[in-house]
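Engineer: Sharing a structure here in structure tokens format.
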Amino acid sequence: MSITKVPKKVVTLAYGCQMSERDADTLTEISSQKGYVRSQELEQADLIIVNTCCVRESAENKILGKIGELKHLKEANPQLKIAISGCMVQQPGALERLRKRAPHVDIWAGTHNIHEFQRLLEEAEEKGKVAEVWEKPRETQESVLLAAKGKLKVYVNISYGCNNFCTYCIVPHVRGRERSRQPEEILAEIRALVETGCREVTLLGQNVNSYGQDLDRAYDFADLLEDVDSIDGLWRVRFMTSHPKDLSDKLIETIAAGTHLCEHIHLPFQAGSDEILKGMNRKYTREYYLSRIAQIKAIIPQVSLTTDIIVGFPGETEEDFEQTLALIRQVKYSQAFTFMYSKRSGTPAAQMAEQIPLDIKKRRLQQLITVQNAQSLAWRQEMIGKTYEVLVEGPSKSNPDRLTGRTRGYELVVFPGEPQLIGTLVQVLIQDANSWTLFGECRADRH
């Protein structure tokens, strides 16, 4: 009589940006090479991976709370392996502090060595606890394991690190200087992912617009977009994040001319005041940013623009803040991701005078959200009565009896439909809207 071996289960939790999600997929896929199968049930897991973020204090606190909760699972199941990886671990001096705080964790890894995770997992299984954080990346490596295989929508890294050193940002300190992947490697990965069912790819980098500046040939982000756009079987191409100072006319024209390049640009402006932009080391002015927006709208009239905004940066006056509000009213973003400034140890902004009190930051954030919600509602109400192509992603989280998907402009759409539409492109007539969601009915399939 044969005994069926029960496969070990891995649960992966990702915090932070899309790059963190991509890294989490890579870690999950590496685990699968060791016989682990993906699960959502923490209580049933044999391996739990937490890929972390440190961009804001609130994210760190949330992660530390989750790591603390995992201690009870470890006590209930001593065979459970817990791995913590990513930006929070990579911070200078963080490893020893975190190990003391969470002695129940078995594996610690930074951002530069996630491709070594199989070895770290084997060492932990054989010897016990292991901690390894590389101070610098040793080479640009990408998992060739197709970390997101079988997914409808995937993230693909095109570069790592950042050279911009915004004064509030910890990313260059935990992800290193900018390194571009070879275009042949990126294109081969996307083609292979399309073979497994991928239909939408989002190209990721801390600043995709500066892609290729370190390559040994004249090949930039616009060239890469053009090549990705030509891949058979791919329906949609997105990218993020763009830095305004590197947004060229060539890139805008490439997006406009593309067949599968979505008419959506995420272009963070962070603050509407030149004084604050200078303090942030953003390397552009309000006037320059608005000139880029004008050029985008002239060349891509149907574009959907989204952005990131920080309120309460050190020294921000009421006049500075009013300039931010005026800018969002002028540009008319479809959506904005809004944040209070969060002091990050090791960044220049953390040492600046005139730190803004929390109550003022909270008030400004709420004001900003109110203004942007009105802008988002007006944007979506203008879409009522029109029909849009929607990539159907699955059941709606708020109403599982409905389907949900996104337009090419990245607007979320909820509509009635049969499950067999999931993974297809459909035409949806928009009938209603709020600040975040469009509601409509399916009119026709395209694929």
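The values are calculated or read from the model by the stated rules, or taken from the named source; none is laboratory data. All values reported here derive from a predicted model rather than from experimental measurement. Glycine gets a Cβ as well: all are built from the backbone with ideal geometry, and neighbour counts include every protein chain shown.
Engineer: Those residues that are over 16 Å from Ile63 (Cβ atoms) and aromatic (Phe, Trp, Tyr), I need them from the range 95-119; list them, please.
Structural biologist: Phe117
Engineer: With out of contact with any strand residue (DSSP E or B) (no Cβ under 7 Å at 6 or more places or on another chain) and either hydrophobic (A, V, I, L, M, F, W, C) or in the same structural domain as His173 (by TED's automatic domain parsing) (or both) as the only criterion, which of Ala433, Ala336, Ala378 stands out?
Structural biologist: Result of the check over Ala433, Ala336, Ala378: Ala378.
Engineer: Consider Gly93 carefully, then state whether it is free of Cβ contacts under 8 Å to residues at least 24 places away in the same chain and either of a type in the set (A, V, I, L, M, F, W, C) or within 19 Å of His173 (Cβ to Cβ) (or both).
Structural biologist: So Gly93 passes the test.
Engineer: Which is at pLDDT 95 or above, touching a Pro at 6+ places or on another chain (Cβ under 8 Å) and crowded, with 21+ Cβ neighbours inside 10 Å, of Tyr289, Tyr284, Tyr219?
Structural biologist: Being at pLDDT 95 or above, touching a Pro at 6+ places or on another chain (Cβ under 8 Å) and crowded, with 21+ Cβ neighbours inside 10 Å holds for just one of Tyr289, Tyr284, Tyr219, which is Tyr289.
Engineer: For the range 107-139, which residues satisfy the criterion of being among the acidic types (Asp, Glu) and free of Cβ contacts under 8 Å to residues at least 40 places away in the same chain?
Structural biologist: Glu116, Glu123, Glu126, Glu132, Glu135, Glu139, listed by residue number.
Engineer: Could you say which residue among Thr324, Thr347 is modelled with pLDDT under 95 and either farther than 27 Å from Thr387 by Cβ or surrounded by fewer than 19 Cβ atoms within 10 Å (Cβ to Cβ) (or both)?
Structural biologist: The conditions single out Thr347.
Engineer: Does Ala374 meet the test of being under 22 Å from Ile328 (Cα atoms) and either out of contact with any helix residue (DSSP H, G or I) (no Cβ under 7 Å at 6 or more places or on another chain) or modelled with pLDDT under 95 (or both)?
Structural biologist: For Ala374, the condition - under 22 Å from Ile328 (Cα atoms) and either out of contact with any helix residue (DSSP H, G or I) (no Cβ under 7 Å at 6 or more places or on another chain) or modelled with pLDDT under 95 (or both) - is met.
Engineer: Can you find even one residue in the range 404-413 that is loosely packed, with under 15 Cβ neighbours inside 10 Å and not assigned by TED's automatic domain parsing to the domain that holds Tyr333?
Structural biologist: No, because not a single residue in the range 404-413 is loosely packed, with under 15 Cβ neighbours inside 10 Å and not assigned by TED's automatic domain parsing to the domain that holds Tyr333.
Engineer: Go through the range 207-262 residue by residue and tally those that are aromatic (Phe, Trp, Tyr) and in contact with a strand residue (DSSP E or B) (Cβ under 7 Å, 6 or more places away or on another chain).
Structural biologist: 3
Engineer: Let me ask another. When both residues are 6+ apart or on different chains and their Cβ atoms are under 8 Å apart, which pairs have a first residue that lies in the range 211-230 and is under 18 Å from Ser248 (Cα atoms), and a second that is part of a loop (DSSP other than H, G, I, E, B) and among the aromatic types (Phe, Trp, Tyr)?
Structural biologist: Gly212/Tyr219; Asp220/Tyr211; Phe221/Tyr211; Leu224/Tyr211
Engineer: Next question, about the same structure. Which ones in the range 195-207 are at pLDDT 95 or above and either surrounded by fewer than 20 Cβ atoms within 10 Å (Cβ to Cβ) or within 26 Å of Gly86 (Cα to Cα) (or both)?
Structural biologist: Glu200, Val201, Thr202, Leu203
Engineer: Continuing with the same structure: Can you say whether Ser396 is touching a residue at least 40 places away in the same chain (Cβ under 8 Å) and either in the same structural domain as Gly440 (by TED's automatic domain parsing) or crowded, with 19+ Cβ neighbours inside 10 Å (or both), as far as the supplied structure shows?
Structural biologist: Answer is no for this residue.
Engineer: Here's another thing I want to ask about it. Which residues, counting only those in the range 300-321, are exposed (fewer than 15 other Cβ atoms within 10 Å of the Cβ) and more than 26 Å from Thr347 (Cα to Cα)?
Structural biologist: Answer for the range 300-321, where residues must be exposed (fewer than 15 other Cβ atoms within 10 Å of the Cβ) and more than 26 Å from Thr347 (Cα to Cα): Pro301, Gln302.
Engineer: Is there a residue in the range 111-119 that is of a type in the set (S, T, N, Q) and crowded, with 22+ Cβ neighbours inside 10 Å?
Structural biologist: yes
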